[in-house]
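So the structure is just underneath, and the comments pick up after that.
The values are calculated or read from the model by the stated rules, or taken from the named source; none is laboratory data. Since the model is a prediction, treat every value here as computed from it, not as a measurement. Neighbour counts run over all protein chains shown; Cβ positions are idealised from the backbone, glycine included.
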Amino acid sequence: MAVDREIVYSGQTIDELISLESDFDAFEILFALETELSKKAAVKDVTTAEAYVLAIQALRREVDNGGYDQFFVNSSVEFAPIVVAALKAIGCDRIAEVTSRAISALGTTNPDSIAEIIADEDAERETVFAACDDAFYELAGFAHESDLEAKLLAFVKANREWMDPRPADLNAP
């Protein structure tokens, strides 16, 4: 049962974050995890599992707020090379297919090339993006406790040994 408060991260391990599931919904736990993993990624390499969490969270946030176009325009474009693999890894094959169609409209997963491509208006690409946006919204919905979050949290639990959200100075040699 979710409560009306937010998770305050204070150095919890991944197991400690997961244990908050009785008090917080998946969206809130994943948001806290993403926030800390983003800080870690700024100063230290993250594992593939951690990068997948960041990629899926970025996709969800950006597409929910402005569509695939926003995902490719903002800094989240850095996840373009791995986001389809991340979605497949958590079992969201249909969303992976939709995301792959959006990427195909660009012709590349290279973030630098995407920035150049997206700067030029392209009506055909925008039509593809609009169809992909609609498909994403249908599949992922706007609900906090969607199938996407449930699958991502299950992935986190299954891969907990590859995740450490604690600040780099607490866990780095």
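Going by the conditions given, is Glu121 on the phi < 0 side of the Ramachandran plot, surrounded by fewer than 17 Cβ atoms within 10 Å (Cβ to Cβ) and part of a helix (DSSP H, G or I)? So Glu121 fails the test.
Pull up region 37-49, narrow it to residues that are assigned to a helix (DSSP H, G or I) and either among the hydrophobic types (A, V, I, L, M, F, W, C) or closer than 13 Å to Glu78 by Cβ (or both), then point me to the one that is modelled with the highest pLDDT. Let's see the steps before the verdict.
Of all residues in region 37-49, those assigned to a helix (DSSP H, G or I) come to 37-43, 48-49.
Still in the running and either among the hydrophobic types (A, V, I, L, M, F, W, C) or closer than 13 Å to Glu78 by Cβ (or both): 37-38, 41-43, 49.
Values: Leu37: 93, Ser38: 92, Ala41: 89, Ala42: 87, Val43: 83, Ala49: 96.
The selected residue is Ala49.
Please count how many residues of region 65-88 are within 12 Å of the chain's Cα centre (by Cα), assigned to a helix (DSSP H, G or I) and buried (at least 18 other Cβ atoms within 10 Å of the Cβ). Before you say what the answer is, go through the steps one by one.
Taking region 65-88 as the starting set, the residues that turn out to be within 12 Å of the chain's Cα centre (by Cα) are 71, 76-80, 82-87.
Those still in the list that are assigned to a helix (DSSP H, G or I) too: 71, 76-79, 83-87.
Of the ones still in play, those that are also buried (at least 18 other Cβ atoms within 10 Å of the Cβ) are 71, 76-77, 79, 83-84, 86-87.
Residues that pass the stated criteria total 8.
Tallying residues that are modelled with pLDDT of 90 or more, closer than 21 Å to Asn65 by Cα and surrounded by fewer than 13 Cβ atoms within 10 Å (Cβ to Cβ) within region 124-155 yields 2. Tyr52 satisfies every condition listed in (1) surrounded by fewer than 19 Cβ atoms within 10 Å (Cβ to Cβ); (2) modelled with pLDDT of 95 or more; (3) of a type outside the set (A, V, I, L, M, F, W, C); (4) in a helix (DSSP H, G or I) except (1).
Residues that are out of contact with any Phe, Trp or Tyr (no Cβ under 7 Å at 6 or more places or on another chain), at pLDDT 95 or above, within 26 Å of Leu20 (Cβ to Cβ) and in a helix (DSSP H, G or I) occur in region 158-169; there is at least one.
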